[in-house]
1. Collect the residues in segment 280-298 that are closer than 21 Å to Ala321 by Cβ and over 22 Å from the mean Cα position of the chain (by Cα), keeping them in residue-number order.
2. Do you know which residues across segment 95-111 are in a helix (DSSP H, G or I), free of Cβ contacts under 8 Å to residues at least 60 places away in the same chain and either in contact with a Phe, Trp or Tyr (Cβ under 6 Å, 6 or more places away or on another chain) or closer than 17 Å to Ser83 by Cα (or both)?
3. Consider Lys189 against the criteria (1) farther than 30 Å from Asp429 by Cα; (2) under 17 Å from the mean Cα position of the chain (by Cα); (3) not β-branched (Val, Ile, Thr): it satisfies all of them except one. Which criterion is unmet?
4. Checking the conditions here, which among Glu436, Glu423 is modelled with pLDDT under 90, in contact with a Pro (Cβ under 7 Å, 6 or more places away or on another chain) and either under 24 Å from Thr316 (Cβ atoms) or in a strand (DSSP E or B) (or both)?
5. Name, by its number, the condition in (1) touching a residue at least 40 places away in the same chain (Cβ under 8 Å); (2) polar (S, T, N, Q); (3) not in a loop (DSSP other than H, G, I, E, B) that does not hold for Asn368.
6. Scan segment 6-13 and tell me whether some residue there is at pLDDT below 95 and either under 25 Å from the mean Cα position of the chain (by Cα) or not charged (D, E, K, R) (or both).
7. Residue under question is Leu264, and the condition is that it be under 26 Å from Ala186 (Cβ atoms) and surrounded by 19 or more Cβ atoms within 10 Å (Cβ to Cβ); does it hold?
8. Among Pro235, Pro208, Pro174, which is the only one that is farther than 19 Å from Cys63 by Cα, at pLDDT below 95 and either surrounded by 17 or more Cβ atoms within 10 Å (Cβ to Cβ) or under 15 Å from the mean Cα position of the chain (by Cα) (or both)?
Amino acid sequence: MLLHHQFIDIAKQKKNKLAINDLTTNRELTYSKSLIASLILCRFFRRLEPGFIGLMMPTSAGCILAKIAILMSGRVPVMINYSTGAEHNARYAQNKCDFKTIITSRALLEKIECPHVEGMIYIEDIMASITSRQKIRAALTAALPASLIKKLVHCGDEDDTAVILFTSGSEKDPKSVQLTHKNILANVKSVFPIFDFTSDDVFLCTLPFFHVFGLTVDLWVPIYSGMTMLTYANPLDFKKVCTIAREHKATCLVGTPSFFWGYLRKSEKGDFDTLRIALTGADKCPEALREGFKNKHNITVLEGYGATECSPVISTNTMHANRPGSVGKPIPGIQVRIENYETGEECALGEDGRILVKGDSVMKGYFNDFEQTSLHIRRGWYDTGDMGNLDEDGYLWHVGRLKRFVKIGGEMVSLVKIEDVLEKFIPEDSHCCVVEIPDAIKGARIVAVVTTPLDEKTVLKEMSGYLPAIALPKIFLVWETLPKMGSGKIDFRTISEMAREQLTRKSIS
């Protein structure tokens, strides 16, 4: 099965059902109208050169329809991050994947102050060029049986690339991940039964589609069974998201912990009364966040774990099987192996090691990068680069990136664990991040960045009850905010660079 063929089947079955309620543009589209619009765009995209087409649009009806239409035309969408450094990201994608055309929005570029990049085509101009004849032709095509429509659009193989996504770049330059139709559909099919999804669910979609979490869970999961999607382009407009949830009776909301903190603070009792699934991922979920939602809304916030290379869901807690603090059990069809980071042997239950993953959701590979693909996929197992352990009940415990461990005095020290301890002794509305700063003279130094001033001596004394002396931060830096990626994840790479620069300036002065 191909993703766009699944959309066609659903659109024919759910003709008059509301498919997309775009709360940014106040535009509503039924599944029938969505099919007609995607067929119109498909004809336009067929006139473009074959291969890759960049897509840089906010979470909206336009982005969803363009994504589907690109697949219908036989092209492959390359999703471009517009949240930070949009111009750089657009050029990076063009160079990395060797293509020219980028479908974007003039309104978006004006809002983010991004200049025109050669090859950009504006969705506003495409829509303005559509004739009545084209609309009638698309409507007539959409009236045909699903089997015939599928023959008129691109027919390919489930192992064909369905999208190019870029890794976050929080630690190094982004890699271009190739996910196939089979990868994404396998992931979608696996999560459906464990969350009891039905076509009656109303998905509040706020995550950007250039991030795999948003693309799979906020787009293909709802489409798979014909749910209604409430799209809103700004997940940081916390109050508006809460209002949408209340007024449109959303049943499902996913996001990063940083977004959920905003929803917790700006929400009022009753905003999430219809919500049956609240799921966080892409970053660790603090216990205080879970407690906050439980106390204020009587909602259980679930935590899951995934990777762009795995389409993305690897494991998740559910309402039927929830162990707070863990990232849940591996989803059906996914195998998880915990491997000793030095010997390569399989770890015992409860023993920390590298997290390896195998299953139909694992990517085709990194585009045009055989070396990196070979380094990350060995004997069918994808090396996530994360550390964790499996307990006796099958729950996976994520303890951080391997790169977020530092060897001190022959011991592996987890920066994530240091953060977990530090969070116990900072104000509730404060945030922290712990990084390692190399020092040619003093060796590695553990630096804690916090968003509120602290009594360092008192905090260190409290932390010493939980951590060995070698794991205690040597330096505290106070910043107003912590840099984040567009997905809401902490940008460790930028934090490390900024901390290193700040300490260098201090030493010089």
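The values are calculated or read from the model by the stated rules, or taken from the named source; none is laboratory data. If you're wondering where the values come from, they're calculated on a predicted model, not measured in any experiment. Glycine gets a Cβ as well: all are built from the backbone with ideal geometry, and neighbour counts include every protein chain shown.
1. Within segment 280-298, Glu291, Lys294, Asn298 qualify.
2. So the first thing to find is which residues in segment 95-111 are in a helix (DSSP H, G or I), and the list is 95-97, 106-111.
Add one more test, that the residue is free of Cβ contacts under 8 Å to residues at least 60 places away in the same chain, and what stays is 95, 106-111.
Arg106, Ala107, Leu108, Leu109, Glu110, Lys111, listed by residue number.
3. (2)
4. Details: Glu436 fails: in contact with a Pro (Cβ under 7 Å, 6 or more places away or on another chain).
On inspection, the qualifying residue turns out to be Glu423.
5. (3)
6. First, the residues of segment 6-13 that are at pLDDT below 95: none.
For segment 6-13, residues at pLDDT below 95 and either under 25 Å from the mean Cα position of the chain (by Cα) or not charged (D, E, K, R) (or both): absent.
7. Working: under 26 Å from Ala186 (Cβ atoms): no; surrounded by 19 or more Cβ atoms within 10 Å (Cβ to Cβ): yes.
Judged against the criteria, Leu264 is not a match.
8. Matching residue, one of Pro235, Pro208, Pro174: Pro174.
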